[in-house]
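A.B. asks: What follows is a single structure, and I will ask about it in a moment.
The values are calculated or read from the model by the stated rules, or taken from the named source; none is laboratory data. What you see is a predicted model; the values in this text were computed from it and never measured. Cβ: placed from backbone, ideal geometry, glycine included. Neighbour counts: every protein chain shown.
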Amino acid sequence: MSKIALISLLLFSVAALVSLPAQAGQAAPAAQSDAPKGYQCHDEPITGSGPGFKSSQEESEEEAIANWTEKATKVYPDADWETAKDPSMQCVAQGLYRKCFVTGMPCQPKPAE
(Lines give C-alpha, C1' and ligand atoms only; values in the text may rest on other atoms or scores of the structure.)
Protein backbone atom coordinates (compact mmCIF):
# COMPACT_ATOMS: atom_id res chain seq x y z
CA MET A 1 0.00 0.00 0.00
CA SER A 2 1.36 3.43 -0.85
CA LYS A 3 2.27 6.00 1.76
CA ILE A 4 -0.55 8.27 0.59
CA ALA A 5 -3.08 5.48 1.03
CA LEU A 6 -1.75 4.66 4.52
CA ILE A 7 -1.88 8.32 5.58
CA SER A 8 -5.40 8.65 4.18
CA LEU A 9 -6.45 5.53 6.07
CA LEU A 10 -5.01 6.86 9.31
CA LEU A 11 -6.67 10.26 8.87
CA PHE A 12 -10.00 8.61 8.07
CA SER A 13 -9.71 6.45 11.20
CA VAL A 14 -8.94 9.42 13.44
CA ALA A 15 -11.80 11.42 11.88
CA ALA A 16 -14.13 8.50 12.53
CA LEU A 17 -12.99 8.37 16.14
CA VAL A 18 -13.70 12.05 16.68
CA SER A 19 -17.06 12.15 14.90
CA LEU A 20 -18.68 8.94 16.12
CA PRO A 21 -20.09 8.31 19.61
CA ALA A 22 -18.82 5.32 21.57
CA GLN A 23 -20.06 2.05 20.11
CA ALA A 24 -22.71 0.06 21.95
CA GLY A 25 -21.37 -2.83 23.98
CA GLN A 26 -18.02 -1.18 24.46
CA ALA A 27 -16.43 -1.95 27.81
CA ALA A 28 -15.59 1.57 28.99
CA PRO A 29 -15.66 2.58 32.63
CA ALA A 30 -18.34 5.02 33.70
CA ALA A 31 -17.10 8.59 33.63
CA GLN A 32 -16.72 10.32 36.96
CA SER A 33 -16.68 14.06 37.39
CA ASP A 34 -14.82 14.31 40.71
CA ALA A 35 -11.54 12.87 41.88
CA PRO A 36 -11.93 9.46 43.51
CA LYS A 37 -12.30 9.78 47.28
CA GLY A 38 -8.91 10.16 48.94
CA TYR A 39 -7.12 10.98 45.66
CA GLN A 40 -5.68 14.10 44.08
CA CYS A 41 -5.69 14.32 40.29
CA HIS A 42 -3.60 15.96 37.61
CA ASP A 43 -5.28 18.97 36.00
CA GLU A 44 -4.85 17.81 32.39
CA PRO A 45 -5.99 14.58 30.74
CA ILE A 46 -3.56 12.10 29.21
CA THR A 47 -4.36 10.08 26.09
CA GLY A 48 -3.06 6.62 25.32
CA SER A 49 -3.44 4.17 22.45
CA GLY A 50 -1.83 1.00 21.26
CA PRO A 51 0.77 0.88 18.49
CA GLY A 52 -1.61 -0.22 15.75
CA PHE A 53 -4.84 -1.92 14.77
CA LYS A 54 -5.54 -5.31 16.40
CA SER A 55 -7.92 -8.08 15.44
CA SER A 56 -9.12 -8.27 19.05
CA GLN A 57 -11.01 -5.35 20.62
CA GLU A 58 -10.00 -6.57 24.08
CA GLU A 59 -6.31 -6.61 23.12
CA SER A 60 -6.58 -3.12 21.65
CA GLU A 61 -8.27 -1.84 24.83
CA GLU A 62 -5.56 -3.42 27.00
CA GLU A 63 -2.77 -1.87 24.91
CA ALA A 64 -4.40 1.57 25.05
CA ILE A 65 -4.69 1.36 28.84
CA ALA A 66 -1.10 0.12 29.14
CA ASN A 67 0.11 3.06 27.02
CA TRP A 68 -1.95 5.49 29.11
CA THR A 69 -0.56 4.00 32.33
CA GLU A 70 3.00 4.32 31.05
CA LYS A 71 2.44 8.03 30.36
CA ALA A 72 0.45 8.63 33.58
CA THR A 73 3.12 7.12 35.83
CA LYS A 74 5.51 9.82 34.62
CA VAL A 75 3.14 12.36 36.23
CA TYR A 76 2.22 10.30 39.31
CA PRO A 77 4.32 7.16 39.89
CA ASP A 78 1.38 5.26 41.38
CA ALA A 79 -1.24 6.32 38.80
CA ASP A 80 -3.65 3.60 37.73
CA TRP A 81 -6.43 3.48 35.12
CA GLU A 82 -8.88 2.30 37.80
CA THR A 83 -8.44 5.56 39.73
CA ALA A 84 -8.32 7.94 36.74
CA LYS A 85 -10.59 10.97 36.80
CA ASP A 86 -13.04 11.26 33.87
CA PRO A 87 -11.86 8.07 32.11
CA SER A 88 -13.14 7.45 28.60
CA MET A 89 -12.43 4.94 25.87
CA GLN A 90 -13.26 5.07 22.19
CA CYS A 91 -12.41 2.49 19.56
CA VAL A 92 -12.40 2.74 15.79
CA ALA A 93 -12.88 -0.13 13.39
CA GLN A 94 -11.13 -0.70 10.09
CA GLY A 95 -12.64 -3.82 8.62
CA LEU A 96 -12.08 -6.56 11.19
CA TYR A 97 -9.44 -4.59 13.09
CA ARG A 98 -9.79 -2.20 16.03
CA LYS A 99 -7.74 0.60 17.54
CA CYS A 100 -8.69 2.06 20.90
CA PHE A 101 -7.90 5.41 22.50
CA VAL A 102 -8.26 6.14 26.21
CA THR A 103 -8.24 9.51 27.95
CA GLY A 104 -8.26 10.33 31.64
CA MET A 105 -6.61 12.42 34.32
CA PRO A 106 -4.13 10.44 36.41
CA CYS A 107 -4.67 10.47 40.16
CA GLN A 108 -2.68 9.45 43.21
CA PRO A 109 -3.58 8.96 46.86
CA LYS A 110 -3.53 12.20 48.83
CA PRO A 111 -0.51 12.48 51.10
CA ALA A 112 -1.13 11.80 54.76
CA GLU A 113 -1.72 15.01 56.68
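A.B. asks: Any residue that is within 15 Å of G104 (Cα to Cα) and modelled with pLDDT of 95 or more - is there at least one of those in region 52-61? Give the steps one after another, and end with the answer.
C.D. replies: The initial filter retains those residues of region 52-61 that are within 15 Å of G104 (Cα to Cα), namely 61.
Filter again for modelled with pLDDT of 95 or more, leaving 61.
Yes, some residue in region 52-61 is within 15 Å of G104 (Cα to Cα) and modelled with pLDDT of 95 or more.
A.B. asks: Then there's this: Considering only region 45-62, state which residues are charged (D, E, K, R) and touching a strand residue (DSSP E or B) at 6+ places or on another chain (Cβ under 7 Å).
C.D. replies: At the first step, the residues of region 45-62 found to be charged (D, E, K, R) are 54, 58-59, 61-62.
The answer is K54, E61.
A.B. asks: Of all the residues that make up region 47-83, how many are hydrophobic (A, V, I, L, M, F, W, C) and not in a helix (DSSP H, G or I)?
C.D. replies: Initial filter on region 47-83 (hydrophobic (A, V, I, L, M, F, W, C)): 53, 64-66, 68, 72, 75, 79, 81.
Of the ones still in play, those that are also not in a helix (DSSP H, G or I) are 53, 79.
The number of residues fulfilling the criteria is 2.
A.B. asks: Can you tell me which residues in region 84-95 are small (G, A, S) and either touching a residue at least 12 places away in the same chain (Cβ under 8 Å) or not in a loop (DSSP other than H, G, I, E, B) (or both)?
C.D. replies: Let us first name the residues in region 84-95 that are small (G, A, S), namely 84, 88, 93, 95.
Across region 84-95, the qualifying residues are A84, S88, A93.
A.B. asks: Looking at region 96-113, which of the residues that are free of Cβ contacts under 8 Å to residues at least 60 places away in the same chain and part of a strand (DSSP E or B) is surrounded by the fewest Cβ atoms within 10 Å (Cβ to Cβ)?
C.D. replies: Y97
A.B. asks: Considering only residues that are aliphatic (A, V, I, L, M) and in contact with a Ser or Thr (Cβ under 6 Å, 6 or more places away or on another chain), look in region 59-95 and name the one that is surrounded by the fewest Cβ atoms within 10 Å (Cβ to Cβ).
C.D. replies: So in region 59-95, the residues aliphatic (A, V, I, L, M) come out as 64-66, 72, 75, 79, 84, 89, 92-93.
Checking the rest, the ones that are also in contact with a Ser or Thr (Cβ under 6 Å, 6 or more places away or on another chain) come to 64, 79, 92.
Numbers: A64: 25, A79: 25, V92: 21.
That would be V92.
A.B. asks: Suppose we filter region 89-113 for residues that are over 13 Å from K54 (Cα atoms) and out of contact with any strand residue (DSSP E or B) (no Cβ under 9 Å at 6 or more places or on another chain); how many remain? Reasoning before the result, please.
C.D. replies: Going residue by residue through region 89-113, those that are over 13 Å from K54 (Cα atoms) are 89-90, 102-113.
In the following step, the residues that additionally are out of contact with any strand residue (DSSP E or B) (no Cβ under 9 Å at 6 or more places or on another chain) were identified as 112-113.
The qualifying residues number 2.
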